[in-house]
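Take a look at the structure set out below.
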Amino acid sequence: MSPPRTLFMLGKGGVGKTTCALALARALSSTARVTVVSLDPAHNLGDLAGVPLGRAPVTLMPGLEACEPDLEALSRERAEGAVDLIRAGYRHLDALSLGGLADLVQHAPGLEEQSALDALGAFVRDLPPEDVLVVDMPPTGLSVRMLALPALSLRWIECLAGLRRRIIERRASIAHVRGRQEQDRDHVMDRLGAERDGLALLCDLFENGAAHVLVVNPDPLSIAEAGRLREVLRRLGTDAARLVINRGSGTHEPAGGLADLPSTVLPDLGGSAREPGSLDKLGRLLAEELG
Amino acid sequence: MVPRSLLDDLVAILRGEATGALELELAEMENLFAILVVGSLVGLPFPPAPVGLSILPHMEREVGVMLARADGLDDILATLIGRLKA
Ligand SMILES: Nc1ncnc2c1ncn2[C@@H]1O[C@H](COP(=O)(O)OP(=O)(O)O)[C@@H](O)[C@H]1O
Ligand SMILES: [Mg+2]
């Protein structure tokens, strides 16, 4: 099945990704079923929505669901799940020597990114194509690694699966010579296949399916970060769909490296930006072009 | 009586062979150590941790082979050192 229509809100911390994600999601929910997911470890979608959010989607208003999975808890579960399987499956291993392994593995580079991908993948798989998925992305560094991980992992999986195939063949021929039977299911190969399917879905979404929205403020630092994100998107073979200049005056000069992107300027709403009326105003402006 | 110098030569040759084998193992370990330390810096590829974590639970056999190799390395060294001492 095709994935839902997906929009990623990307940019430097504090530029207004969460605000734009919720504002856009609210606006789009008048015409479609919308899910807004925050993958930002800063957890402020729930604060902004005024509702405590977690892993399971919560209905914010008719047609709009929101969730904010805890990436640290997800990494922890992934690490513990693997260590439990090792404990159960490695017959000759001293169970005690595995104590503390989950702590180490949980913080291994890539785990947090993979947890964010897992959370995202569940929605991409389960939501119907007529639904809209708005993703409030983490700050630039984590976003970049998250966007790059599926393609990198896929290349590795291809390579490992190729080597694995040769190992399986060699084992089979040795077993044949000895007149024995090799077990016919190879769990490593099964796992590689399952990971490949999940990652291929996300790779395709990042590279072909989704709209990447770069959010900036009219300041050089946030614009530089958006430029960096655009570079990463291009290396993935795609590009940003739109530039949102949040808290812009409308008289700013075109941003370096981003000037050719279609842009939407959102006004600075001062201290009232978090109020529903303000979110609706920002949402209408965003939905005009992204609806 | 065996001439003193011949005995010395023989010991030197045996020592040389033993250290030759030792040096080979040492080089292997130094190589491995260097790969572990600088591999990722010079672009020696390692799969992303989540990929490894996903298949590791099903690699009891391969990890067994790896550990046996590591143990074997120690055994070879121990044997050689034992011979040299004797
Ligand atoms: N258009 C705006 N006008 C005024 N304040 C805004 C506007 N957009 C965002 N803000 C405020 O800026 C702060 C950061 O916004 P947020 O959406 O949390 O950024 P991010 O998710 O990118 O870190 C919040 O306090 C938010 O209320
Ligand atoms: Mg945020």
Per-residue mean of C-beta atoms belonging to partner chains within 10 Å, peptide B:58-65:
5
Taking the number of other C-beta atoms within 10 Å as the exposure measure, put A:Met1, A:Met146, A:Met189 in order starting with the fewest.
A:Met1, A:Met189, A:Met146
Theoretical FRET efficiency, 1/(1+(r/R0)^6), r = Cβ-Cβ of A:Glu289 and A:Val58, R0 30 Å, to 0.05:
0.60
Please order A:Val177, A:Val144, A:Val34 by the number of other Cβ within 10 Å, starting at the fewest.
A:Val177, A:Val144, A:Val34
Shielding of A:66-76 by partners, i.e. mean partner chain Cβ atoms within 10 Å per residue?
0
About the Cα centre, charge dipole magnitude for the stretch A:177-283 (Lys/Arg +1, Asp/Glu -1 at Cβ), debye:
160
What are the trypsin sites (Lys or Arg not before Pro) within the stretch A:183-221 that DSSP puts in a loop, where the Cβ has at most 13 other Cβ atoms within 10 Å?
A:Arg185
I'd like the Kirkwood hydrodynamic radius of chain A, using the inverse of the mean 1/r over distinct C-alpha pairs, in Å.
20.9
Provide A:Glu158, A:Glu65, A:Glu72 in ascending order of the number of other Cβ atoms located within 10 Å of each residue's Cβ, fewest first.
A:Glu158, A:Glu72, A:Glu65
In the stretch A:51-160, trypsin sites (Lys or Arg not before Pro) in a DSSP loop with at most 16 other beta-carbon atoms within 10 Å:
A:Arg55, A:Arg91
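Values quoted throughout were computed directly from the atomic coordinates according to the rules given, and no laboratory measurement underlies them. Owing to the predicted nature of the structure, the values given are computational and were not obtained by experimental measurement. As a convention, Cβ positions derive from the backbone with ideal geometry for all residues, glycine included, and neighbour counts pool all protein chains shown.
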